[in-house]
1. Restricted to the range 13-27, and to residues that are part of a strand (DSSP E or B) and not hydrophobic (A, V, I, L, M, F, W, C), which residue is most open to solvent (accessible area, probe 1.4 Å)?
2. In the range 3-12, how many residues are at pLDDT 95 or above, part of a loop (DSSP other than H, G, I, E, B) and not charged (D, E, K, R)?
3. Filter the range 56-77 for residues that are outside any helix (DSSP H, G or I), under 16 Å from residue 22 (Cβ atoms) and at pLDDT 95 or above and give the result.
4. Please count how many residues of the range 18-58 are of a type in the set (Lys, Arg) and within 14 Å of residue 78 (Cβ to Cβ).
Amino acid sequence: MPGMAYREFVDSSGHSWRVWSTVPSMGSKLRGGFDQGWLTFERIDADKNLPLRRLVPLPTEWESVPDDRLELMCRSAEEVSRPRAAQARTESPEAAHRE
């Protein structure tokens with residue numbers, strides 16, 4: 001996706017995170033600063049059903065800040081539920097049979 005930046009980092013607790021910017025297309029009707037874009041944080045070393053985190057507004061130069069600064073951004077980001085379709089895709093058939 002053009003314009004979508006991406007990074008990975010490890011926080012001070014040793015957890016791995018994936019972070020990317022999302023900038024909506026022109027003409028999108030979003031409120032609360034989302035019309036200017038946001039950062040999404042996803043913990044990648046844990047249960048795929050953990051909530052995502054979103055930080056609004058999109059911080060400038062986040063791609064080049066040190067990992068400890070990125071961690072502070074992540075901590076201040078709001079937790080949001082994953083879309084149901086994404087949750088269903090992350091569950092393996094084996095997991096469904098164990099329940």
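The values are calculated or read from the model by the stated rules, or taken from the named source; none is laboratory data. Just so it is clear, the model here is predicted, and its values are computed rather than measured. Virtual Cβ from ideal backbone geometry, glycine too; neighbours counted across all protein chains shown. Surface accessibility is based on the protein's heavy atoms, side chains included, excluding ligands, DNA and RNA. Shrake-Rupley method; radii C 1.70, N 1.55, O 1.52, S 1.80 Å.
1. First, the residues of the range 13-27 that are part of a strand (DSSP E or B): 16-22.
From what's left, not hydrophobic (A, V, I, L, M, F, W, C): 16, 18, 21-22.
Working: 16: 34, 18: 65, 21: 6, 22: 35 Å².
Taking the candidates together, the pick is 18.
2. Residues of the range 3-12 at pLDDT 95 or above: 7-12.
From what's left, part of a loop (DSSP other than H, G, I, E, B): 11-12.
So of that shortlist, the ones also not charged (D, E, K, R) come out as 12.
Matching residues across the range 3-12 total 1.
3. Within the range 56-77, just 77 meets the criteria.
4. So the first thing to find is which residues in the range 18-58 are of a type in the set (Lys, Arg), and the list is 18, 29, 31, 43, 48, 53-54.
With within 14 Å of residue 78 (Cβ to Cβ) added as a condition, the list becomes 53-54.
Final tally of qualifying residues: 2.
Residues checked against (1) open to solvent by 50 Å² or more (accessible area, probe 1.4 Å); (2) over 15 Å from the mean Cα position of the chain (by Cα); (3) not acidic (Asp, Glu):
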| position | (1), (2), (3) |
| --- | --- |
| 29 | yes, yes, yes |
| 38 | no, no, yes |
| 43 | yes, no, yes |
| 46 | no, no, yes |
| 52 | no, no, yes |
| 55 | no, no, yes |
| 58 | no, no, yes |
| 63 | yes, no, no |
| 74 | no, no, yes |
